[in-house]
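The values are calculated or read from the model by the stated rules, or taken from the named source; none is laboratory data. What you see is a predicted model; the values in this text were computed from it and never measured. Reconstructed Cβ throughout: ideal geometry from the backbone, glycine too, with neighbour counts over all protein chains shown. These area figures cover heavy atoms from the full protein model, side chains too; ligands, DNA and RNA do not enter into them. Shrake-Rupley method; radii C 1.70, N 1.55, O 1.52, S 1.80 Å.
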Amino acid sequence: QVQLVETGGGLVQPGGALRLACLVSGRTFSSGTAAWFRQTPGKEREFVAAIRWPDKAIWHADSVRGRFTISRDNAKNTLYLQMNSLKPEDTAVYYCAASSGRLIMSRMPDSNAYDYWGQGTQVTVSS
């Protein structure tokens, strides 16, 4: 069974940076899709970014494009989210997710398309 564990969350001032990591264990996929979502109390889970392999297609949500970067380290079996120029509205619990399939672009932002989820890590952007 696949396990995902997020790390790297914390408190940061506006304009600061954090790098989240998601270690995937249990098995590896020769092809698939991984993504980051975020959620705040009272809100629906929001898509942040996704990456697909082996073709390496990437999609960032409009709200984070140009500030966040999703990446994957195959050797370490780890998914990353580099978060720069953080804003207070980025405050949320961030979750990593994975699918054993290569999701088409139109399904990447759909949380229901993912089979495996981490426990989440809190990111707080505040002065």
- Distance in Å, no decimals, from the C-alpha centre of segment 84-102 to the one of segment 42-78 is 8
- Message: I'd like the carbon and sulfur percentage of the solvent accessible area for the chain, probe radius 1.4 Å, heavy atoms only, ligands and nucleic acids excluded.
- Response: 48
- Query: How much length is gained on full extension from Glu89 to Met105, taking 0.36 nm per residue of separation minus their Cα-Cα distance?
  - Reply: 3.2 nm
- Item | Cα principal axis extents for segment 1-51, largest first, Å | 38, 22, 18
- Task: Find how much the distance from Asp73 to Lys43 grows on full extension, using 0.36 nm per residue of separation minus their present alpha carbon separation; answer in nm with one decimal.
- Result: 7.7 nm
- Query: What ratio of Cα Rg to 2.2 N^0.38 Å holds for the chain?
  - Reply: 0.98
- So what is log10(I(q)/I(0)) for segment 30-74 at q = 0.17, 0.25, 0.31 1/Å, when the Debye sum runs over its Cα atoms only? -0.51, -0.90, -1.13
- Percentage relative contact order, the chain, counting C-alpha pairs under 8 Å, at least six apart: 36
- Query: Can you give the extra length, in nm with one decimal, that the chain gains between Arg19 and Ala57 once fully stretched, where that is 0.36 nm per residue apart less the Cα-Cα distance?
  - Reply: 11.6 nm
- Roll a 1.4 Å probe over the protein chains and send me the accessible area per residue for the chain in Å². 51
- In the neighbourhood of Ser71 defined by beta carbon distances under 13 Å, the net charge of the other residues (Lys, Arg +1; Asp, Glu -1) is +4
